[in-house]
Amino acid sequence: MPTRSERLDALPFTREHGRLVVGSGVGWALDAMDVGLISFVMAALAVQWDLGTTTLSWIASIGFVGMAVGATLGGLLADRVGRRQVFALTLLVYGLATGAAALSWSVGALLVFRFLIGLGLGAELPVASTLVSEFAPARIRGRVVVALESFWAVGWVLAAVIGYLVVPASDDGWRWALALGALPVAYAVVVRRGLPESVRFLESRGRHDEAEAAVRRFEAAAGIPAPPANEPASEPASEPPSDTAPPPQVERSEPRAPGPRALWGAPHATRTAALWAVWFGINFSYYGAFIWIPSLLVADGMDLVRSFGFTLVITLAQLPGYAAAAVLVETWGRRATLSAFLVGSAVSAVLFGRADTETAIIAAGMALSFFNLGAWGALYAVTPEVYPTTLRATGAGAAAGFGRIASVLAPLSVPWLLDAGSGTTGLFVVFAGFFALAAAATWGLPERAGAALNES
């Protein structure tokens with residue numbers, strides 16, 4: 001009798017997989033919309049509140065401080081109370097905080113709300129990718145996770161559209177933009193009621209009846225008959241001989257998930273170091289560049305609306321980047337795809353920094369969007385595969401949390417790098433260097449394309 005994990009891996013892609021990807025992806029898109037909106041809000045507040053670059057960099061970075069804390073805590077909680085529960089909670093937290101941020105009366109109030117938004121946002125991303133990866137059939141798992149990650153581009157495009165149409169429309173345009181970010185409050189109810197809990201998590205906690213029900217739900221969607229109810233659905237347990245008295249009932253305690261120290265023990269230490277290096281490098285360059293692009297264009301002489309229009313066009317290139325990565329992660333493999341897209345990101349960053357015409361800015365910016373977001377897709381595909389089930393969400397959350405340190409430092413470093421005389425060219429050369437370091441670190445990760453997730 002195959003185990004439940006083997007039964008899930010043998011399934012075709014069904015409507016239940018589609019519901020899971022779309023259900024998780026909508027939350028992912030709403031996250032991206034919130035992150036993207038702050039870049040447009042910054043550009044508007046620089047004019048309305050007469051804010052300097054240092055204050056703007058703190059508005060950009062404080063949310064990532066919350067994301068670093070949220071990613072680490074979210075992963076730990078997901079390995080203890082469940083992926084779905086934490087996913088719904090994070091949507092609720094950052095949705096409420098985003099709505100409250102629309103009422104900000106000062107820079108200090110906005111900073112507090114941005115930190116709370118980051119707590120929810122940071123916890124949601126690694127938890128959602130872990131949940132989807134644990135249901136996806138092994139032979140297409142990478143493609144499915146990249147499809148989930150592609151919702152990030154949808155959310156960022158929505159942010160660019162709102163930034164272009166709503167933010168410049170009035171002095172309160174940025175408030176209305178943030179108010180739209182409160183939509184996750186309602187969506188949290190959908191997540192809590194509609195998405196399944198991870199079968200692998202349920203089994204690791206001894207909740208076998210719930211795990212069996214979840215597997216049968218996906219088998220039914222594929223038209224595959226489930227095993228008879230009286231047959232073992234996982235590894236058969238030994239039974240005492242019939243001529244002996246049954247053993248006394250012993251109260252069983254729920255298995256404990258390993259703590260974060262296990263990430264640095266054998267055999268995980270090397271892959272943890274490599275994974276953290278990739279997350280740090282890609283976070284530094286991505287958020288340093290994309291959070292500041294609208295403001296940098298305004299600083300170079302564009303008006304607010306034109307800057308936002310350029311950013312919208314550049315953002316659209318994220319979608320084909322994800323599509324290319326979704327194909328390549330199953331043909332080239334995770335490491336080769338991730339490394340190639342990071343190298344492409346490095347080259348594009350140099351070209352963007354040197355662009356001196358509107359055509360060159362758009363072309364280099366679109367290339368940067370294409371390669372960088374394709375790299376993100378490959379990174380989210382490989383991250384849940386690095387660790388076993390009992391450590392998977394903890395490991396993914398810790399890597400994301402460490403990467404968020406870079407996303408805090410990057411926006412703060414932009415004013416310093418610009419004031420140091422390096423200008424936009426030197427700034428994007430620095431971003432290219434971090435992309436290159438991340439590409440090198442990729443080769444310390446395991447390659448598990450097409451392989452079953454490690455359960456032990």
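The values are calculated or read from the model by the stated rules, or taken from the named source; none is laboratory data. For clarity, every value in this text was computed on a predicted model and none was experimentally measured. Quick reminder, even Gly has a Cβ in these numbers, built from the backbone with ideal geometry, and neighbours come from all protein chains shown. These area figures cover heavy atoms from the full protein model, side chains too; ligands, DNA and RNA do not enter into them. Shrake-Rupley method; radii C 1.70, N 1.55, O 1.52, S 1.80 Å.
Which of (1) modelled with pLDDT of 75 or more; (2) over 30 Å from Thr53 (Cβ atoms); (3) surrounded by 17 or more Cβ atoms within 10 Å (Cβ to Cβ) does Ala269 not meet, given it meets every other one?
(3)
Any idea which of Thr98, Thr3 is out of contact with any helix residue (DSSP H, G or I) (no Cβ under 7 Å at 6 or more places or on another chain) and open to solvent by less than 50 Å² (accessible area, probe 1.4 Å)?
Thr3
If I ask for residues that are open to solvent by less than 10 Å² (accessible area, probe 1.4 Å) and in contact with a Lys or Arg (Cβ under 9 Å, 6 or more places away or on another chain), which ones from region 396-430 would you list?
Hit for region 396-430 is Phe428, nothing else.
Quick grid of which residues meet (1) closer than 22 Å to Val382 by Cα; (2) within 22 Å of the chain's Cα centre (by Cα); (3) in a helix (DSSP H, G or I):
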{"site": "Ala410", "(1), (2), (3)": "no, yes, yes"}
{"site": "Leu418", "(1), (2), (3)": "no, no, yes"}
{"site": "Ala436", "(1), (2), (3)": "yes, yes, yes"}
{"site": "Arg448", "(1), (2), (3)": "yes, yes, no"}
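Look through region 157-182, keep the residues that are within 20 Å of the chain's Cα centre (by Cα) and not in a helix (DSSP H, G or I), and return whichever of them is farthest from Asp31 (Cα to Cα).
Result: Ala182.
Return only the number of the condition from (1) farther than 17 Å from Leu91 by Cβ; (2) open to solvent by less than 10 Å² (accessible area, probe 1.4 Å) that Ala147 does not satisfy.
Result: Ala147 passes all but (2).
Before we move on, is Thr55 free of Cβ contacts under 8 Å to residues at least 60 places away in the same chain and not aromatic (Phe, Trp, Tyr)?
yes
Contact list please: Cβ distance under 6 Å, first residue in region 104-118 and in a helix (DSSP H, G or I), second residue open to solvent by 40 Å² or more (accessible area, probe 1.4 Å) and not β-branched (Val, Ile, Thr), pairs at least six apart or on different chains.
none
Tell me, yes or no, whether region 365-378 has at least one residue that is closer than 29 Å to Gly265 by Cβ, surrounded by fewer than 24 Cβ atoms within 10 Å (Cβ to Cβ) and not small (Gly, Ala, Ser).
No - not one qualifying residue is present in region 365-378.
Among the candidates Glu124, Glu134, single out the residue that is under 14 Å from Phe87 (Cα atoms) and part of a helix (DSSP H, G or I).
Only one candidate passes the filter, namely Glu124.
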